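One structure below.
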Amino acid sequence: MTLMPATQRPLAVVVLAAGKGKRMKSARSKVLHRLAGRPLIQHVLALLAELKPQETVVVVGPGMPEVEAAVAPQRCVVQENQKGTGEAVQVTRAALADFARPGHDVLVAFGDTPLFRPETLAAMVAARDAEPRPDLVVMGFRAADPSGYGRILQDDSGAPRAIVEHKDAGPEERAIDLCNAGLMLVDGGRLFDWLGQLAPNNAQGEYYLTDLAGLAVRDGAGTALVEAPEEEVMGVDSRADLAVAEAVIQTRLRAAAMAGGATLVDPTTVWLSADTRLGRDVTIQPSVFIGPGVTIADEVEIRSFCHLEGVAIESGAIVGPFARLRPGAVIGPEVHIGNFVEVKKATLERGAKANHLAYIGDAKVGAGTNVGAGTIFCNYDGYAKHHCEVGPGVFIGSNAALVAPVTVGAGALIAAGSTVTGDVPADALAIARGKQTNIRDGAGRYRATRQPAKKAKEG
Ligand code: UD1
C-alpha cells in the first residue's frame, strides 16, 4: 500500500451516504452492500483513514441506524431531507466547527464510490499543497460515456471554473468528457461560507456541492483539478454496478496477493476478501472462496473447492480439496484437513490430521492427533453448544461420534464406530459400540427366503 503524504494541515473528511440508493432494490442501505466481504462505506472510510484525518463525519439519512452501527465509532450526522450534495455537507457545519477556518482542510467523498486508490487521493492532497495554494481541489475524470455526470468547465490554465450538472447542461457542455468524480478538497475557511450561498435554482431543485467551483472563481479563490482513471471513479448504484466493482476489487486483491508472494494457480477463480492475509509461498489451487477474517501463514497449500471464513491457518498446513473452515477455526502448523471436512470454532494443534469426511466443532484437538474418516464432534444438544477436548497423540477411529462435552486424554485410542459419551483417560482404549454377532449360514437362509419373490417379479 502506498504511503500517503500526511497533510500538514488539520483535516476533516466528510462521507456522504444519505441517499436512498433505490436502484439497488434492497431493504438494506446501498452503502452496506458488500465488496470483497466489506461494506462499500467501509472501503471508503479505510481509504480516507490513510490520510490520518483528525475528524471523520458520515452524513446519513433519517432512519439509517444500521449504517450508523456499521461505521461506528465514526461520527454520523443526519440529513433530514435529501436536498442535494451541497446540503449534505452543510449539515456537518456544527460537527466541523473546528475546521471552519482558513488553512484547514475538508475532504468530501461519497460513500458509494469505493474504488479510489490511495495514490489518487495523495495527488489531491499534493494539488492543495501546491503554490499558489488553491482553496478548492476537484477530482475529475475523462468519461467514455459522460451522460449523467457533472461536466467540469476549465479556464485557460486548465483549472476548474465551474461544474455543470448533466441535467442543467447545454449541448456544448454535454459534449465535454471531463466529468466531476465527486471528491472535493476544500479550504475550511471558505467551505461553509460558500455552502451558505448555494441556491436550488437548477433542474433538480437541489443544493449542488458542485456550485462551489463557480463560487470559488467568483471570489478569486484558486481552484485545481486532479484527474483520476475512470475505473476508480465508479459509483455503485445498482446490483450490476456492484458486480463490476467486485470484479475490479478482486483483480486488485489477486494482484496484491501474487505480488506478496502467493501463488494463485488460476487467479480468476480465487475469491478474496478485503482483509485476507496471505503469507509467503502460499499456494491456492483453482476455485477457492476466502471470506472475511482469514489469515493464511507461509507455505500453506489450499487445494481446490475450499470455502474459508474467519479462520487462521498456520504455516505448512494443507487444506482441502473440498474443505469448509468456519469462523473460529484455528488450523495449526503442518495440520492436514482433507476432503469434506468441516471445522468450526475448533483448534487443531501442530500436525493433527482430519483427512476425510469429518465435522469438528467447538473443540480442541491436540498435536499429532488423527481424526478418522466420518468422525463427528456432536457439539449441539438442541439447546446449547458444548466443548470437546482431545489431547495430543490420540487416534480416533473411523465413524466415531464424540458427544460433547467429553475429554479424551493424551495417547488414547477410540475404536472405529464408537459413540463416546464419557471422558476417556490418557492412553486408554475406548470402545463404545454394539457387539458383533455372526449367525452361522445366516446370509444363505436370508437369501433363500427372499429369492423366490424376486424371481417371480422378474417374470
Ligand atoms: C454527483 C455530482 C456530479 C458527479 C457525480 C459523480 C453533485 C450535485 N453532482 O451527482 O457532478 O459527476 O456525483 O458520481 O454533487 N447524497 C447525500 N445527500 C443528498 C444527495 C446525495 O448524502 O441529498 C450522497 C449520496 O448518498 C451519494 C452522493 O451523495 O453517496 C452522490 O449523490 P448522487 O445522487 O449519486 O450524485 P449524482 O447525482 O450522481
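The values are calculated or read from the model by the stated rules, or taken from the named source; none is laboratory data. It should be emphasised that the depicted structure is a prediction, and the values quoted were computed from it without experimental measurement. Here the Cβ is made from the backbone with ideal geometry for all residues, glycine too, and neighbour counts use every protein chain on show. What goes into the accessible areas is simple: the full protein's heavy atoms, side chains included, and nothing from ligands, DNA or RNA. Shrake-Rupley method; radii C 1.70, N 1.55, O 1.52, S 1.80 Å.
A few notes on this one:
- Any chance L136 is closer than 25 Å to L242 by Cβ and assigned by TED's automatic domain parsing to the domain that holds V59: no
- The set of residues in segment 170-211 being touching a helix residue (DSSP H, G or I) at 6+ places or on another chain (Cβ under 9 Å), open to solvent by less than 30 Å² (accessible area, probe 1.4 Å) and more than 23 Å from E232 (Cα to Cα) consists of D187, G188, L191, F192, W194, L195, L198.
- Of residues in segment 28-43 being assigned to a loop (DSSP other than H, G, I, E, B) and of a type outside the set (S, T, N, Q), the one farthest from W271 (Cα to Cα): R28
- Single residue of segment 154-169 satisfying the filter (without any contact (Cβ under 8 Å) to a residue 24 or more places away in the chain and more than 16 Å from N201 (Cα to Cα)) that is surrounded by the most Cβ atoms within 10 Å (Cβ to Cβ): S157
- Residue match in segment 294-304 (condition: open to solvent by less than 50 Å² (accessible area, probe 1.4 Å) and on the phi > 0 side of the Ramachandran plot): no
- Qualifying residues in segment 265-293 (those that are open to solvent by 10 Å² or more (accessible area, probe 1.4 Å) and among the aliphatic types (A, V, I, L, M)) - the one farthest from R34 (Cα to Cα): V265
- Test: residue in segment 220-227 that is within 14 Å of the ligand (Cβ to nearest atom), assigned by TED's automatic domain parsing to the domain that holds G140, more than 20 Å from the chain's Cα centre (by Cα) and open to solvent by less than 20 Å² (accessible area, probe 1.4 Å): no
- Evaluating P39 against the criteria (1) touching a strand residue (DSSP E or B) at 6+ places or on another chain (Cβ under 8 Å); (2) within 15 Å of the ligand (Cβ to nearest atom) leaves one unmet condition, (1).
- If you go through segment 403-459 and pick out every residue that is within 30 Å of Y383 (Cα to Cα) and part of a strand (DSSP E or B), you end up with 10.
- Inclusion of C378 among residues that are in the same structural domain as T421 (by TED's automatic domain parsing), surrounded by 17 or more Cβ atoms within 10 Å (Cβ to Cβ) and in contact with a Pro (Cβ under 7 Å, 6 or more places away or on another chain) is not warranted.
- Filter result (exposed (fewer than 10 other Cβ atoms within 10 Å of the Cβ) and either in contact with a Leu (Cβ under 8 Å, 6 or more places away or on another chain) or of a type outside the set (K, R) (or both)) within segment 423-441: G434, Q436, T437, N438, I439, D441
- Residue in segment 140-153 that is nearest to the ligand (Cβ to nearest atom), counting only those that are open to solvent by less than 100 Å² (accessible area, probe 1.4 Å) and either within 12 Å of L225 (Cβ to Cβ) or out of contact with any strand residue (DSSP E or B) (no Cβ under 8 Å at 6 or more places or on another chain) (or both): G148
- Residue in segment 10-26 that is within 20 Å of the chain's Cα centre (by Cα), over 17 Å from F116 (Cβ atoms) and modelled with pLDDT of 95 or more present: no
- Top-ranked residue in segment 88-105 [being away from the ligand (no atom under 15 Å from the Cβ) and outside any loop (DSSP other than H, G, I, E, B); ranked as surrounded by the most Cβ atoms within 10 Å (Cβ to Cβ)]: F99
- So P73, is it farther than 24 Å from A247 by Cα, more than 16 Å from the ligand (Cβ to nearest atom), in contact with a Phe, Trp or Tyr (Cβ under 7 Å, 6 or more places away or on another chain) and of a type outside the set (A, V, I, L, M): no
- Pairs, first without any contact (Cβ under 8 Å) to a residue 40 or more places away in the chain in segment 101-129, second more than 14 Å from the ligand (Cβ to nearest atom) and open to solvent by 10 Å² or more (accessible area, probe 1.4 Å), C-beta under 8 Å, six or more apart: none
- Some residue of segment 106-115 being open to solvent by 50 Å² or more (accessible area, probe 1.4 Å) and more than 9 Å from the ligand (Cβ to nearest atom): no
- 3 or more residues at pLDDT 95 or above and over 35 Å from the mean Cα position of the chain (by Cα): qualifying strands (runs of 3 or more DSSP E) within segment 131-178: 160-164
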